[in-house]
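The values are calculated or read from the model by the stated rules, or taken from the named source; none is laboratory data. On a predicted model such as this, the values are computed, not experimentally measured, just so you know. Glycine gets a Cβ as well: all are built from the backbone with ideal geometry, and neighbour counts include every protein chain shown. Heads up: the accessible areas ignore ligands, DNA and RNA and are worked out on the full protein's heavy atoms, side chains in. Shrake-Rupley method; radii C 1.70, N 1.55, O 1.52, S 1.80 Å.
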Amino acid sequence: MTTVRPSAAALAEPVEPVGRGWTASLALANGAIWVGWFGPLQILLAAQAKDFAPGSGMSKETLLAWVTGAGAVVSLLANPLFGALSDRTTARRGRRTPWIVAGSAGGALSLLLLAGAGGVWSMAAGWCLAQLTLNAAFAAVTAAVPDRVPRGRRGAVGGWLGAAQILGVVGGTGLATAAGGTGAGYAACAVFTVVGVAPYVLRHADLRLAREDRPPWSWRGFLAGFWLSPRRHPDLGWAWLTRFLINLGNSLVLLYLLYYLRDGLHRSDPEQGVLILTAVNGLTLLATVVAGGVWSDRVGRRKPFVVWSGVLMALATAVLSGWQTWPGAIVAAAVLGVGFGVFTSVDFALMTDVLPTALDRGKDLGVLNVANALPQVAAPAVAAPIVTHLGGYRVLYLVAAAIGLGGAVLVGRIRGVE
């Protein structure tokens, strides 16, 4: 009988389809991480910013921008770092599972620290720690897909991960709203984050990397690996820029949504309004996220789906600028969900298709995931001056639409993927 070394599977291009149980468990773990992110981002951080702003010398908008921006900087660095560390991990439980466990547990503890925050600095520290730990888990979860899923099935798996992502956004918003207070909201999100990753960790074995296949360590080589030259890997560069621009447009829409409803549309219960819009967006996203990924797998093409989903999202964002009413917000949320559903699943498959090497999947996906985190840094810097000095929400959403449309157009520069 021939013995297969651990790395034979860990570094090979996967050919065997994964089962439904594996996909469902990984999707649940992904959704749990997004609960930990978006309960705070949609409701809890904004509520704390409102409470802490009077003694800080900043408006609630500026305070929220600084805190979320600082957390996004941490996310920007953490995702590729932990992806690279998971690539090198030779634990008996595999390359990815140890980081999923440590990251989700650390994320839950960070959310509990946020629940007890007594001021601006403890709020900012807690959110930065939450970003650090949850990104460790997220980097490992996303890297598991190119580790285990054949190329022709990644659109469908990406669709289920995308469905779990939006359910995590809706679930996090719902938990934060229904828990009955800021502290209780953080506690509810923390518990769900830990419980949600348990089925994948406990039921599915990870692929191991043999120690002899781990590359020699050097700080210089490790740090140099984070630079992926656009000249050597042009498809990777264009894919990164596409993801960044479309996510930046989406981040500009979400950042001040609570304040837009309160101050722009004068809703009497803006928190409830955020929950309604998130639910509408989630329903339409769920209607397209899996279907878009499966359709992309069947026709063997990625780029047209990304282009048209980006165009649709830009149009929906323009609606928020030109039709500033509650019905307009509902229509925009619904159309954004349709576009972002297709984009989420097919863009993820597109990213995995342009990865250069199997040994660095986690690190390279982490670099690509910077295009998800960097918009959270850039969005406050772009949005705050526009809202306060350069035309308000109408101009903000026009700028967001133009940025997203630019990302859709640049998909055509990717040459190595249909």
Rounded to the nearest 500, the 222 nm mean residue ellipticity computed for the chain from DSSP H runs (n ≥ 4, each -39500 (n - 2.57)) alone is -25500 deg cm²/dmol
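Quick check: convex hull over the Cα atoms of region 1-120, volume per residue in Å³, rounded to an integer?
Looking at region 1-120, the number lands at 135 Å³ per residue.
Write down the accessible area per residue of region 146-189 in Å², having rolled a 1.4 Å probe over the full set of protein chains.
The answer is 31 Å² per residue.
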As an exercise, find the ratio Rg/Rh for region 52-124 from alpha-carbon atoms, using the Kirkwood inverse-distance average for Rh. 1.13
For Cα Rg over 2.2 N^0.38 Å, which listed value, (i) 1.04; (ii) 1.27; (iii) 0.94, comes from the coordinates shown? (iii)
Based on the Cβ-Cβ distance of Val15 and Ala178, what FRET efficiency does E = 1/(1 + (r/R0)^6) give at R0 = 45 Å, to the nearest 0.05? 0.50
Accessible-area ranking of Cys189, Cys128, largest first, probe 1.4 Å: Cys128, Cys189
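What's the Kirkwood radius of region 293-418 in Å, using all Cα pairs?
15.9 Å
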Relative contact order [Cα under 8 Å, 6+ residues apart], the chain, whole percent: 27 percent
Length added when fully stretched, Trp326-Arg92, from 0.36 nm per residue minus Cα-Cα: 78.9 nm
Give me the percent of the accessible area of region 257-400 that comes from carbon and sulfur atoms, probe 1.4 Å, all protein chains in place. 68 percent
In nanometres, the difference between 0.36 nm per residue of separation and the alpha-carbon distance of Thr62 and Ala291 is 78.5 nm
Here FRET efficiency (C-beta to C-beta, Ala102 to Glu212, R₀ 25 Å, nearest 0.05) is 0.50
Translational diffusion coefficient of region 128-254 at 20 °C, 1.002 mPa s, Stokes-Einstein with Kirkwood Rh over Cα pairs, in µm²/s as a whole number. 117 µm²/s
Residue span Arg232 to Ala198: 0.36 nm per residue of separation minus Cα-Cα distance leaves a gain in nm of 8.3 nm
Whole-angstrom Cα spans of region 127-179 along principal axes, big to small: 41, 23, 10
Could you please state, rounded to a whole Å, how far the C-alpha centre of region 273-346 is from the C-alpha centre of region 93-128? 30 Å
